[in-house]
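Reviewing the structure listed below.
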Amino acid sequence: MFLDELTEFKRDVLEFLRQPLEDGYVTISRTRQSVSFPAQFTLVASTNPCPCGYFGDTVQPCTCSPRHREQYWAKLSGPLMDRIDLQVAVNRLKPEEITQQSVGEESLPVRERVKVARDRARQRFLNDTPQCNAEIQSRHIKQWCKLEDTTRTLLEGAIRKMGLSARATDRILKVSRTIADLAGAENLQTAHVAEAIQYRTIDRMQ
């Protein structure tokens with residue numbers, strides 16, 4: 001599901017995304033009964049960094065006041081953002097990037113890397129219930145996302161500096177596990193966790 005201009009949706013509407021993003025189902029309650037439906041999906045969303053759209057831009061200055069930016073981001077609650085694994089800022093393209101003729105990596109080799117990583121995860125889950133890294137629970141994280149002292153220190157520093165919740169921290173570790181699988185690494189390394197932290201762009205903006 002793709003939601004364009006995410007901050008233009010009403011906050012109470014966005015809050016309804018929390019349950020399906022976390023549990024993979026949605027519950028509808030009425031007077032006499034409550035019914036749950038499967039609702040597993042991949043959420044992709046986009047939004048401007050501020051009402052005028054130029055906060056942080058290197059060419060066009062932002063015209064929004066700090067208060068306006070704060071009100072703009074207030075529609076996205078902390079619990080909702082905790083459930084979004086990858087938060088990436090996309091900067092303005094440079095003129096030479098717009099006009100260049102080179103193309104990016106083809107889809108086939110990317111597909112093969114993803115397939116190998118998914119196979120690694122599938123072997124890990126042979127005797128358990130998760131089907132992929134996104135589905136692992138806290139008890140699995142302790143088993144499959146063990147950290148060395150230097151890596152733990154890095155993560156603890158990010159938690160303090162960015163005010164990360166326990167849920168957001170778990171999400172970082174799950175993404176780190178996937179990054180390690182893509183790299184063919186058995187154990188989490190500092191570089192894997194550092195990369196996952198970098199994917200919490202909006203947490204760093206708050």
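The values are calculated or read from the model by the stated rules, or taken from the named source; none is laboratory data. On a predicted model such as this, the values are computed, not experimentally measured, just so you know. Methodologically, a virtual Cβ is constructed for each residue, glycine included, from the backbone with ideal geometry; neighbour enumeration extends over all protein chains shown. The accessibility values were calculated without ligands, DNA or RNA, using every heavy atom of the protein model including side chains. Shrake-Rupley method; radii C 1.70, N 1.55, O 1.52, S 1.80 Å.
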Evaluate region 147-161: report whether one residue or more is more than 18 Å from the chain's Cα centre (by Cα) and in a loop (DSSP other than H, G, I, E, B). yes
Hey, could you check region 170-194 for residues that are open to solvent by 20 Å² or more (accessible area, probe 1.4 Å) and among the hydroxyl-bearing types (S, T, Y) and say which is farthest from the chain's Cα centre (by Cα)? T190
Within region 14-29, count every residue that is open to solvent by 70 Å² or more (accessible area, probe 1.4 Å) and within 26 Å of A166 (Cβ to Cβ). 5
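Filter region 64-122 down to the residues that are open to solvent by 90 Å² or more (accessible area, probe 1.4 Å), outside any loop (DSSP other than H, G, I, E, B) and closer than 24 Å to S176 by Cα and list them by number. Break it down stepwise before answering.
First, pick out the residues of region 64-122 that are open to solvent by 90 Å² or more (accessible area, probe 1.4 Å): 66-68, 70-71, 86, 88, 90-96, 98-101, 103, 105-108, 111, 113, 115, 118, 122.
Those still in the list that are outside any loop (DSSP other than H, G, I, E, B) too: 66-68, 70-71, 95-96, 98-99, 107-108, 111, 113, 115, 118, 122.
Passing the criteria: S107, L108, R111, R113, K115, R118, R122.
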Could you grab me the full set of residues in region 155-182 that are small (G, A, S) and either closer than 24 Å to R69 by Cβ or at pLDDT 95 or above (or both)? G157, A158, G163, S165, A168, S176, A180
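Only one of these is open to solvent by 80 Å² or more (accessible area, probe 1.4 Å), under 30 Å from D12 (Cβ atoms), in contact (Cβ under 8 Å) with a residue 24 or more places away in the chain and part of a loop (DSSP other than H, G, I, E, B): T58, T47, T42. Name it.
Details: T58 fails: under 30 Å from D12 (Cβ atoms); T47 fails: open to solvent by 80 Å² or more (accessible area, probe 1.4 Å).
That would be T42, the only listed residue that is open to solvent by 80 Å² or more (accessible area, probe 1.4 Å), under 30 Å from D12 (Cβ atoms), in contact (Cβ under 8 Å) with a residue 24 or more places away in the chain and part of a loop (DSSP other than H, G, I, E, B).
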List pairs: first residue in region 8-36 and without any contact (Cβ under 8 Å) to a residue 40 or more places away in the chain, second residue assigned to a helix (DSSP H, G or I) anywhere in the structure, Cβ distance under 7 angstrom, at least six positions apart or on different chains. V26/Q19; V26/P20; T27/Q19
Which residue, of T27, T31, T7, is among the polar types (S, T, N, Q) and in a loop (DSSP other than H, G, I, E, B)? T31
